[in-house]
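Below is one structure; the comments refer to it alone.
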Number of protein chains: 2
Amino acid sequence: MRLTRSGDYAVRCLLYLALDPGRGVVARKEIAEVMNIPAQYLGKVAQTLAKAGLIGIRQGARGGYELARTAGEISLLQVVEAVDGEIFLNDCLHQLDICERRPVCAVHRVWGRARKQLRDMLGGISLAALVEEESRTAGKVCGECPATRGQTLEGKGE
Amino acid sequence: MRLTRSGDYAVRCLLYLALDPGRGVVARKEIAEVMNIPAQYLGKVAQTLAKAGLIGIRQGARGGYELARTAGEISLLQVVEAVDGEIFLNDCLHQLDICERRPVCAVHRVWGRARKQLRDMLGGISLAALVEEESRTAGKVCGECPATRGQTLEGKGE
DNA sequence: ACATATCGGACACGATTTGTCCTATATCGG
DNA sequence: CCGATATAGGACAAATCGTGTCCGATATGT
């Protein structure tokens, strides 16, 4: 599993929508500009997000996107998996025909455990939590990543 | 991050070598056949593993591969990262130019945490542990996944 | 020397990712 | 109802990546 650019865009887009909940429909163009996403491409991503029930789309003049649920009800996992597909670290866990010994294979059990751990973590984090944490620390939401310049530092994990 | 086929091959190969430690050099051809890996391709993977210091390679007649350390000293993480590169779930954490706000970005912190959790888990599992667990449950090592036909067991799902 | 076996570069091929372009369609405002 | 606006959705393009093969060069054991 790798968070693709599409997945990144999806997170940015939803995070932006989660910023002020009462706002209603937001134009794709605005989201694209602020969040530094190719507008057309965002259209594709948005369609996927809509199919997954994460956003609502209004067409036509004054159209755009809005959250289909509250920011507290949308987890990072849902966003990522909606766009990038279900998370499988290992193809063996995914394509049944690749491996016949799944049930008794220690390696598979390890990957299965790792997968569950990862999905649990991402599933436990809502957009609301992200927005809140962000506002506590920096006052700005990420997703702006490439947009906001000037704060370079060396990052690690944790 | 996704465990590629190369990564899978690497795990199979090392697991096979870990099976009986006293054996010395094992021919690539043998490994490839038993573990169902394209022999030439295994050559490429093996070179990478050698560079990472995980296996030793003997060229020439009666050449082949052997573990460079004991099976207890090689973790799954080392194997995977040697072949597939260091695990980064998110490009943002990886390519510095993509995102300037890493240190203060909540999303990045989440991915960073997830990454650490995953690497810690994989880092805590040695080849020896895998071999041992495997022999306890089924008596055969995985990696043979596609190789061992007719042994398809169901149930016992974790 | 000869047979054996890996090295390592070149190349092929398909899948995936990341976009763009264009036409159709839906919606709002007057 | 008309026209401006904005997204839908299919086609297409380019780049990258993963997987694998082929082949001459090189190293090693007998």
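The values are calculated or read from the model by the stated rules, or taken from the named source; none is laboratory data. Keep in mind that this is a model prediction, so the values were computed, not measured. Positions of Cβ are backbone-derived with ideal geometry, glycine not excepted, and every protein chain shown enters the neighbour counts. When the accessible area is computed, the model is the full protein with side chains, heavy atoms only, and any ligands, DNA or RNA have been set aside. Shrake-Rupley method; radii C 1.70, N 1.55, O 1.52, S 1.80 Å.
Here, P(r) means the percent of Cα pairs in each 5 Å bin from 0 to the largest distance; for the stretch A:15-58 it is 5, 22, 32, 30, 11, 0.
In this assembly, the B-A interface accounts for approximately 5200 Å² of buried accessible surface in total, computed with a 1.4 Å probe and without ligands, DNA or RNA. For B:Lys29, the accessible surface of its heavy atoms amounts to roughly 140 Å² (probe 1.4 Å, protein chains only, rounded to the nearest 10).
Shielding value for B:128-135 is 3, the average number of Cβ atoms from other chains within 10 Å of each residue's Cβ. Label-point distances for A:Thr4 to the equivalent site in the other copies, using a point 7 angstrom along Cα→C-beta, read 1.7 nm when ranked shortest first.
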